[in-house]
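Notes for the one structure printed next.
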Amino acid sequence: MAERIFGKIKENVRLDIDHFILKVDVFRHIEIKPGQFFMIRAWEDIPVLNRPFSVFDYKDNIIQFFIKIKGKGTELLSKLKIDEEIFLLGPSGNGFQNCENYLAVGAGMGIAPINYTSTIFNLETIYAVNTHVSYMNFSDSEFNVWTLDGTSGEKGNAIDAIKKFYNNKIHKGIIACGPEKFLEYLIKFCKEKNIPLQVSFEEKMACGTGLCMSCAKKVKDDIIKICQDGPVVRY
Ligand SMILES: Cc1cc2nc3c(=O)[nH]c(=O)nc-3n(C[C@H](O)[C@H](O)[C@H](O)COP(=O)(O)OP(=O)(O)OC[C@H]3O[C@@H](n4cnc5c(N)ncnc54)[C@H](O)[C@@H]3O)c2cc1C
Ligand code: FES
């Protein structure tokens, strides 16, 4: 259940010009399901809203977030220093469930919730990005790296990678997170091939607690609140 948690920055690791890993010490054990997220705040009044981030990794009371700088909120988070205070609301959402022996796929920033889930379920994992990034080895997990331009790992997009790696004698389904277009294609692909799929969606969020409807999304002919009924949807 979501709770209010005060933590302190353990480490803030800058990976490149607009990516960083924020390690937050929460000083006690928290039950976090893979694929869950926290609403985060480390400022006074502006920006008004907390910002949602998936759990990238979690052990020994330290929660890690892998973050791309987008606007004001992420810029402020990127500047936090060791021992500064941070407010977390969560863990929220449903998370990935029963995905033993699934193939895990993170496209771009979609690797954030996938990384923690792969670690917990020990999944074979594809990390697909446009081009080589300097921080390919930023996780304890081993990824099958795919780049669109072939500058690292194998050449191709996330769908090419899935076509190559998915083996219905080994894999029981796919879990994925990434850009909306990729997820839309993947949903169709898995439906055609009869492959069980769990997808983590990102929607703009205001409250993050099911009260405001700002994260409402049409999914399988239903309107759901991504912060509460998601972010993971099973197909
Ligand atoms: C469930 C969930 C998990 C996420 N996990 C991660 C993660 O692990 N790493 C990461 O870098 N980003 C993640 N995001 C996206 C991240 O929340 C936004 O990039 C961030 O809120 C942008 O804030 P900002 O103030 O820097 O940018 P601004 O553009 O100033 O933000 C303006 C408003 O738009 C919202 N917003 C902007 N982009 C997004 C987006 N893509 N998704 C949702 N809300 C958005 C902000 O929350 C804010 O309310 C996640 C989003 C969701 C919904
Ligand atoms: S963000 Fe308010 S209901 Fe989901």
Report summary line: Exactly one of 159, 170 is out of contact with any strand residue (DSSP E or B) (no Cβ under 7 Å at 6 or more places or on another chain), part of a loop (DSSP other than H, G, I, E, B) and hydrophobic (A, V, I, L, M, F, W, C), and that residue is 170
**Report entry** Looking only at the range 220-235, and only at residues there that are surrounded by 14 or more Cβ atoms within 10 Å (Cβ to Cβ) and not in a loop (DSSP other than H, G, I, E, B), the one that is farthest from ligand 2 (Cβ to nearest atom)
**Finding:** 234
Requested in this report: Report the residue count in the range 146-156 for those that are part of a loop (DSSP other than H, G, I, E, B) and surrounded by 15 or more Cβ atoms within 10 Å (Cβ to Cβ).
Outcome: 2
Query raised in the report: Inside the range 31-56, can you point out the residues that are more than 20 Å from residue 79 (Cβ to Cβ), more than 11 Å from ligand 1 (Cβ to nearest atom) and surrounded by 18 or more Cβ atoms within 10 Å (Cβ to Cβ)?
Result: 32, 34
Query - Condition check for residue 209: β-branched (Val, Ile, Thr), in a loop (DSSP other than H, G, I, E, B) and out of contact with any Ser or Thr (no Cβ under 6 Å at 6 or more places or on another chain) - result: yes
Report task. Would you confirm whether any residue within the range 25-38 is within 16 Å of ligand 2 (Cβ to nearest atom), within 25 Å of residue 230 (Cβ to Cβ), in contact with a Phe, Trp or Tyr (Cβ under 8 Å, 6 or more places away or on another chain) and not in a loop (DSSP other than H, G, I, E, B)? Result -> yes
Report summary line: The condition of being aliphatic (A, V, I, L, M), more than 16 Å from ligand 2 (Cβ to nearest atom) and touching a residue at least 60 places away in the same chain (Cβ under 8 Å) holds, among 175, 159, 187, only for 175
**Report entry** Condition met for residue 80 (surrounded by fewer than 22 Cβ atoms within 10 Å (Cβ to Cβ), among the hydrophobic types (A, V, I, L, M, F, W, C) and in a loop (DSSP other than H, G, I, E, B))
**Finding:** yes
Query raised in the report: Under 9 Å by Cβ, and 6 or more places apart or on different chains, what pairs join a residue from the range 96-117 that is charged (D, E, K, R) with one that is surrounded by fewer than 18 Cβ atoms within 10 Å (Cβ to Cβ) and not in a helix (DSSP H, G or I)?
Result: 100/122; 100/172
Query raised in the report: Does the range 217-234 contain any residue that is modelled with pLDDT of 95 or more, more than 14 Å from ligand 1 (Cβ to nearest atom), assigned by TED's automatic domain parsing to the domain that holds residue 129 and among the basic types (Lys, Arg)?
Result: no
Requested in this report: Identify the residue in the range 114-126 that is out of contact with any Pro (no Cβ under 7 Å at 6 or more places or on another chain) and under 18 Å from residue 202 (Cα atoms) and, among all such residues, is surrounded by the fewest Cβ atoms within 10 Å (Cβ to Cβ).
Outcome: 115
Report task. Please specify each residue of the range 49-79 satisfying the condition of being more than 16 Å from ligand 2 (Cβ to nearest atom) and small (Gly, Ala, Ser). Result -> 71, 78
Requested in this report: Output the residue which, of all residues in the range 128-153 that are touching a residue at least 60 places away in the same chain (Cβ under 8 Å) and among the aromatic types (Phe, Trp, Tyr), is nearest to residue 64 (Cα to Cα).
Outcome: 138
Report summary line: Of the candidates 217, 204, the one satisfying the condition of being within 16 Å of ligand 2 (Cβ to nearest atom), basic (Lys, Arg) and in a loop (DSSP other than H, G, I, E, B) is 204
Query - Pairs, first assigned by TED's automatic domain parsing to the domain that holds residue 23 in the range 54-72, second part of a helix (DSSP H, G or I) and loosely packed, with under 14 Cβ neighbours inside 10 Å, C-beta under 7 Å, six or more apart - result: 69/75
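The values are calculated or read from the model by the stated rules, or taken from the named source; none is laboratory data. Values in this document were obtained by computation on a predicted structure and should not be read as measured data. When we count neighbours, we look across all protein chains shown, and the Cβ atoms used for this are built from the backbone with ideal geometry, even at glycine.
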